[in-house]
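Below is one structure; the comments refer to it alone.
Taken together, the values in this text are just the output of simple stated rules run on the coordinates, not laboratory data. No experiment lies behind these values; they were computed from the predicted model shown. Here Cβ is always computed from backbone atoms with ideal geometry, including for glycine, and neighbour counts include all displayed protein chains.
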Amino acid sequence: MEYIDLYQPHRIDYLAHPEETARALEDLKAEGKIRHVGVSNYSPDEIRAISAYTRVEALQTLFHLLSQEPLEVGLAAVCLEKKMNVLCYSPLAGGLLTGNKPLPHAFDQGYGDWQEQREQGVVAQVKIVADRYGVTPGQISLAWLMALPGGVIPLVGTGNPDHIEEGAKAADIELARDDWYELTVIGRGRRMRWRGRPYVYLKDR
């Protein structure tokens with residue numbers, strides 16, 4: 001391997017000034033060892049700090065229906081502002097959102113019954129939305145991510161070619177606005193609020 005296309009520090013170095021980190025990454029680019037700079041698991045403020053010293057192409061972060069922190073804390077918004085792609089790892093919650101994988105309680109005795117019940121309920125409700133489109137819960141979950149503006153890319157890991165083909169079909173799903181918000185509420189397990197008030201969205205059908 002002559003170079004790395006996208007190099008991403010996976011944790012921030014709290015003892016290094018953002019300029020120092022950026023300079024080290026720019027040195028790697030100048031040496032031809034990397035082509036583009038990305039970051040992983042950075043907060044909005046950390047992205048803004050390092051972006052002051054180098055061009056950051058992408059953020060890699062945990063993002064799926066059951067973990068919507070990138071929306072809730074402004075990560076997706078700052079990536080849109082900085083024209084960065086969002087690379088979502090574990091976009092299907094480790095397979096839970098496919099509806100085909102046992103819940104974690106099967107191998108983790110510390111897993112609470114309330115959490116199991118919540119996730120069972122989420123998957124069941126996601127399937128209802130998926131059925132409207134004639135697709136699988138996994139496909140509709142990926143479509144939910146890709147509907148966001150700015151270039152959101154799910155990183156799906158599997159060794160099964162059939163799963164790869166199935167996941168790729170999610171790119172063809174045109175998710176209606178009201179269905180997107182319905183899935184968002186399903187995943188959060190609570191109504192969305194804006195400035196302390198219930199968030200109302202416009203239905204397009």
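Per-structure values
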| quantity | calculated |
| --- | --- |
| Förster radius 45 Å - calculated FRET efficiency between residue 29 and residue 158, Cβ distance, rounded to 0.05 | 0.90 |
| Set of segment 16-41 residues, backbone N closer than 17 Å to the point 7 Å along the Cα-Cβ line of residue 2 | 29-36 |
| Whole-number D in µm² s⁻¹ for segment 1-42, Kirkwood Cα-pair radius fed into Stokes-Einstein, 4 °C, 1.567 mPa s | 121 µm²/s |
| 5 Å-binned pair-distance histogram of segment 122-164 (Cα, whole percent) | 5, 21, 24, 22, 22, 6 |
| Cα gyration tensor of segment 138-191 - equivalent ellipsoid semi-axes, whole Å, descending | 22, 12, 10 |
| Vicinal HN-Hα couplings computed from phi for segment 9-25 (Karplus, 6.51 cos²θ - 1.76 cosθ + 1.60; Hz; Gly/Pro x) | x, 8, 8, 6, 8, 5, 8, 10, 5, x, 5, 5, 4, 4, 5, 4, 5 |
| Net charge of neighbours whose Cβ lies under 15 Å from the Cβ of residue 89, counting Lys and Arg as +1 and Asp and Glu as -1 | 0 |
| Overall dimensions of segment 1-103 by Cα: Rg and Dmax, Å | 15.2, 47 |
| Theoretical gain in end-to-end length, residue 10 to residue 176 [0.36 nm per residue, Cα-Cα removed] | 56.4 nm |
| Under 5 Å, built H, 5+ apart or other chain: amide partners of residue 36 | 6, 7 |
